[in-house]
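Structure first, commentary second.
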Amino acid sequence: MNPSTGVQSTLTRGPLDDAKAQLAQAVDLLGVSDGVHAMLATPRREMAVAVPLRRDDGSIAVYEGFRVQHNFSRGPAKGGLRFSTAVDLDEVRALAMWMTWKCALVDVPYGGAKGGVALEPREHSTAELERVTRRYTAEILPIIGPEVDIPAPDMGTDEQTMAWIMDTYSVSRGHTVPGVVTGKPISLGGSLGRASATSRGVAHVALMAMKSRGIDPTTATAAVQGFGKVGRGAARFLAEAGVRVQAVSDVDGAIWLEEGIDIARLGEHSDATGSVAGFDSCEPIEPGSLLTLPVDVLVPAAVEGVLTEHNAPQVQASIVVEGANGPTTQAADAILADRGILVVPDILANAGGVIVSYFEWVQSNQAYQWRESEVNDRLAERMTNAWHAVVEQAGARGITYREAATALAVSRVIEAHELRGLYP
Ligand code: NAD
């Protein structure tokens, strides 16, 4: 365990092993041929680039960058761009595969992709982040575009990053192309409701999961790992629904308060200090212990691989809602399922982001803006439909929600592949 982050790593396995194992389970359930399985396990296109950066002091640093396009059967590839020192090709491959399943599960007309640059954004000035984003964009330019592959924000990137990508791409094309990214600022054609879409969706499925387990939100408790774009909003929406959010963490620390944390004020504290640590009357806790607190709902919304075979036996929540991608290892998943803990899988729980990204892409391509209420209503409708499809599939087959969600998604991708046929 890394004591500063509370993250436990399983040295022998990583997210790509987990993603492939989940695919193998779905393939077994669906009775897919070895050839189609091999196609689904293999990214369609990968690009690894060097990203040289002239730093503010005049020195040059070089970072590794990647873009992986896992599948195009259902449409252009879609997926976030991550800035983190943990980025490597296998992580990006796993995240790209999960994007394919996520898009298929919530029935948006995309395949899956993901990108990353292996750097720590907090160690760079805004000017350096702009230069590194523009250079990375220039390197991957031949393989992105509104009909090819559409990046969006992920860990360590935000709407400003998307604005720089859009501008770099547009300059190269000689005209403005808003549909090349989603999650961009509203004034550049971003969608109302996009910034909060992922966390709104997380809270939405968390409430449906609570209802299915007979848990009243107004007497329920929750712990949220991560206080970024996903975790912060998830905590806020849960608190607004009456849930007592007793613990929150970020990369710098974790805090706990029996009666529930004031999330709006915590947001102000985090904006002012850069961390949740040291907030008000909250007690500091060991970050790893947040995952095993006696709460009703646990929302891991930071990084992958935090719930492992080492801490899964101690998880006390009855519902785990995966705000992050891949927070539960395969081994932990089996333990949680055996213990009767309901895990709402990432490809369902955090799909709100890509749903509203799809809405944004539609709006950008039509140069027309929808009302926020329209966006939120359509988001809720798609999340609810996906939830019921997964619940029904899980019940019919007697499998976990993750197995059901993955099998449903994989079957939709296979259907598109079979209808299109294999070229030549
Ligand atoms: P972010 O960069 O906005 O926030 C990440 C948060 O996690 C920060 O608060 C950071 O301090 C914290 N964190 C990092 N490492 C941690 C650790 N070891 N322990 C505790 N906290 C830690 O990123 P984000 O966009 O909120 O993404 C979080 C997760 O959600 C990622 O897995 C991402 O792929 C996934 N996701 C994001 C979106 C989106 O729309 N942004 C959509 C779907 C899934």
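Taking the stretch 99-154 as the range and being of a type in the set (Ser, Thr, Tyr) and either touching an Asp or Glu at 6+ places or on another chain (Cβ under 7 Å) or under 20 Å from Leu16 (Cβ atoms) (or both) as the test, the residues that pass are Thr100, Ser125. Is it true that Thr198 is within 13 Å of the ligand (Cβ to nearest atom) and of a type in the set (Ser, Thr, Tyr)? Considered against the rule, which asks whether it is within 13 Å of the ligand (Cβ to nearest atom) and of a type in the set (Ser, Thr, Tyr), Thr198 comes out as yes. Within the stretch 83-91, at least one residue is assigned to a strand (DSSP E or B) and at pLDDT 95 or above.
So which pairs qualify, if the first residue must be in the stretch 69-95 and in contact (Cβ under 8 Å) with a residue 60 or more places away in the chain and more than 18 Å from Val49 (Cβ to Cβ), the second must be within 11 Å of the ligand (Cβ to nearest atom) and of a type in the set (Gly, Ala, Ser), the Cβ gap must be under 8 Å, and the two must be at least 6 apart or on different chains? Filtered contacts from the stretch 69-95: Lys78/Ala152; Lys78/Ser357; Ala94/Gly326. Considering the conditions (1) closer than 21 Å to Leu23 by Cα; (2) without any contact (Cβ under 8 Å) to a residue 24 or more places away in the chain; (3) not basic (Lys, Arg), Val413 is excluded by exactly one of them, (2). When restricted to residues that are within 14 Å of the ligand (Cβ to nearest atom) and either farther than 17 Å from Glu322 by Cα or at pLDDT below 95 (or both), the stretch 208-255 contains 5. For Asp280, the conditions (1) assigned to a loop (DSSP other than H, G, I, E, B); (2) within 15 Å of the ligand (Cβ to nearest atom) are fulfilled apart from (2).
Does Gly326 qualify as being over 21 Å from Leu238 (Cα atoms), in contact with a strand residue (DSSP E or B) (Cβ under 8 Å, 6 or more places away or on another chain) and within 12 Å of the ligand (Cβ to nearest atom)? Judged against the criteria, Gly326 is not a match.
Pairs linking a residue in the stretch 160-171 that is more than 12 Å from Ile144 (Cα to Cα) to a residue that is of a type in the set (Val, Ile, Thr), with Cβ atoms under 6 Å and 6 or more positions apart or on different chains, are Thr161/Thr133; Met162/Val181; Trp164/Thr133.
Out of Glu268, Glu283, Glu322, Glu240, which single residue is more than 22 Å from Ala197 (Cα to Cα) and among the charged types (D, E, K, R)?
Glu283
For residues that are touching a residue at least 24 places away in the same chain (Cβ under 8 Å) and surrounded by fewer than 24 Cβ atoms within 10 Å (Cβ to Cβ), tally how many sit in the stretch 360-382.
Of the residues in the stretch 360-382, 11 are touching a residue at least 24 places away in the same chain (Cβ under 8 Å) and surrounded by fewer than 24 Cβ atoms within 10 Å (Cβ to Cβ).
Looking at the structure I just gave you, is Val117 of a type in the set (Val, Ile, Thr), under 20 Å from Ile60 (Cα atoms), within 16 Å of the ligand (Cβ to nearest atom) and touching a residue at least 60 places away in the same chain (Cβ under 8 Å)? When the stated conditions are applied, Val117 passes them.
The set of residues in the stretch 114-170 that are acidic (Asp, Glu), part of a loop (DSSP other than H, G, I, E, B) and surrounded by fewer than 17 Cβ atoms within 10 Å (Cβ to Cβ) comprises Glu120, Glu147. Taken over the stretch 331-347, residues that are within 16 Å of the ligand (Cβ to nearest atom), free of Cβ contacts under 8 Å to residues at least 60 places away in the same chain and assigned to a helix (DSSP H, G or I) amount to 1. Considering only the stretch 312-330, I want to know if a residue exists there that is touching a residue at least 60 places away in the same chain (Cβ under 8 Å), part of a helix (DSSP H, G or I), crowded, with 17+ Cβ neighbours inside 10 Å and in the same structural domain as Gly201 (by TED's automatic domain parsing). Checked against the condition, which is being touching a residue at least 60 places away in the same chain (Cβ under 8 Å), part of a helix (DSSP H, G or I), crowded, with 17+ Cβ neighbours inside 10 Å and in the same structural domain as Gly201 (by TED's automatic domain parsing), the stretch 312-330 yields at least one hit.
The values are calculated or read from the model by the stated rules, or taken from the named source; none is laboratory data. Note that the coordinates shown come from a computational prediction; the quantities given were computed from them, not determined experimentally. As a convention, Cβ positions derive from the backbone with ideal geometry for all residues, glycine included, and neighbour counts pool all protein chains shown.
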